[in-house]
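Heads up: the structure comes next, in structure tokens.
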Amino acid sequence: MDKQQLKSDWDDLKDSVQQKWDELTDQDFSEIKGDKDKLISHIQDKYQQSKEKATQEVNKWLAKFDK
């Protein structure tokens with residue numbers, strides 16, 4: 001799934017994001033708005049991960065939605 005598809009499908013994917021990264025808040029979601037880079041940044045902050053680790057996790061999660 002590419003960045004544009006994430007933005008367009010964000011409302012449908014938010015529940016899955018919340019299940020995967022349950023420390024993200026409603027405020028985080030309102031700031032992320034389907035932006036992959038912002039999602040990675042928030043995961044870095046909430047879970048104290050490196051950018052590489054957060055990026056890897058997000059990419060792995062997004063791969064589940066590739067058809």
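The values are calculated or read from the model by the stated rules, or taken from the named source; none is laboratory data. The structure displayed is predicted, hence computed values, not measured ones. Quick reminder, even Gly has a Cβ in these numbers, built from the backbone with ideal geometry, and neighbours come from all protein chains shown.
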I need a count of the residues in segment 17-33 that are surrounded by 13 or more Cβ atoms within 10 Å (Cβ to Cβ) and under 17 Å from Ala63 (Cβ atoms). 3
Inside segment 32-67, the number of residues satisfying the requirement of being among the hydrophobic types (A, V, I, L, M, F, W, C), over 16 Å from Lys7 (Cβ atoms) and modelled with pLDDT of 95 or more is 2
When you scan segment 55-64, do you find a residue that is in contact (Cβ under 8 Å) with a residue 60 or more places away in the chain and surrounded by fewer than 14 Cβ atoms within 10 Å (Cβ to Cβ), even just one? yes
